[in-house]
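The values are calculated or read from the model by the stated rules, or taken from the named source; none is laboratory data. A quick note: this is a predicted structure, and the numbers were derived from the prediction, not measured. Note that we place each Cβ from the backbone using ideal geometry, even for glycine, and neighbour counts take in every protein chain shown. When the accessible area is computed, the model is the full protein with side chains, heavy atoms only, and any ligands, DNA or RNA have been set aside. Shrake-Rupley method; radii C 1.70, N 1.55, O 1.52, S 1.80 Å.
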Amino acid sequence: QVQLVEAGGGLVQPGGSLRLSCAVPRNNFSSYTMGWYRQAPGKQRELVAQITRDGTTEYADSVKGRFTISRDNSRKILDLQMNDLRPEDTAVYYCNQKRGPRNFWGQGTQVTVSS
């Protein structure tokens, strides 16, 4: 079983910043594509950003220029730096690991952007 442990969510005002982290302690972390997804109430889960094992990144259009995904293979940690947060970024954010056709998920962390 793959264990992904997220941290760093919370309440922030519009224009503020948050940093999410995902630890994958017992895993060959460096071999897999990692990503962040989010799900807002009443909406489908959507890709926010992902990073391949060689460091290639991909972002949803809605977060380009504001969010940055990064990985530290030696510490087995995935990060998401979120700047200039907007109310529409409010959602539960999930860490994801892709292992071939299989997806593994963290438990999710709530991000709320509100004044």
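Quick check on region 3-27: of everything there that is closer than 16 Å to residue 63 by Cβ and either in contact with a Gly (Cβ under 9 Å, 6 or more places away or on another chain) or without any contact (Cβ under 8 Å) to a residue 24 or more places away in the chain (or both), which residue is most open to solvent (accessible area, probe 1.4 Å)? Applying the filter and picking the extreme gives 19. Flag: residue 83 matches the condition of being in contact (Cβ under 8 Å) with a residue 24 or more places away in the chain, surrounded by 13 or more Cβ atoms within 10 Å (Cβ to Cβ) and over 12 Å from the mean Cα position of the chain (by Cα). When region 1-22 is filtered for residues that are in a strand (DSSP E or B), under 13 Å from residue 80 (Cβ atoms) and not polar (S, T, N, Q), the ones remaining, listed by number, are 6, 7, 18, 19, 20, 22.
In a residue-by-residue description of region 33-48, the property of being open to solvent by 40 Å² or more (accessible area, probe 1.4 Å), aliphatic (A, V, I, L, M) and either modelled with pLDDT of 95 or more or closer than 17 Å to residue 1 by Cβ (or both) applies to at least one position. Applying a threshold of 8 Å to beta carbon distances and a minimum spacing of six or more residues, or different chains, the list of pairs starting in region 57-79 at a residue that is at negative phi and ending at one that is part of a loop (DSSP other than H, G, I, E, B) and small (Gly, Ala, Ser) reads 71/55. Going through (1) hydroxyl-bearing (Ser, Thr, Tyr); (2) surrounded by 14 or more Cβ atoms within 10 Å (Cβ to Cβ); (3) farther than 11 Å from residue 35 by Cα; (4) over 10 Å from the mean Cα position of the chain (by Cα) one by one, residue 59 falls short only on (3).
Residues in region 104-115 that are farther than 19 Å from residue 66 by Cβ, open to solvent by less than 70 Å² (accessible area, probe 1.4 Å) and not in a loop (DSSP other than H, G, I, E, B): 104 alone. For region 62-74, how many residues meet the condition of being open to solvent by 90 Å² or more (accessible area, probe 1.4 Å) and touching a strand residue (DSSP E or B) at 6+ places or on another chain (Cβ under 8 Å)? Qualifying residue count, region 62-74: 0.
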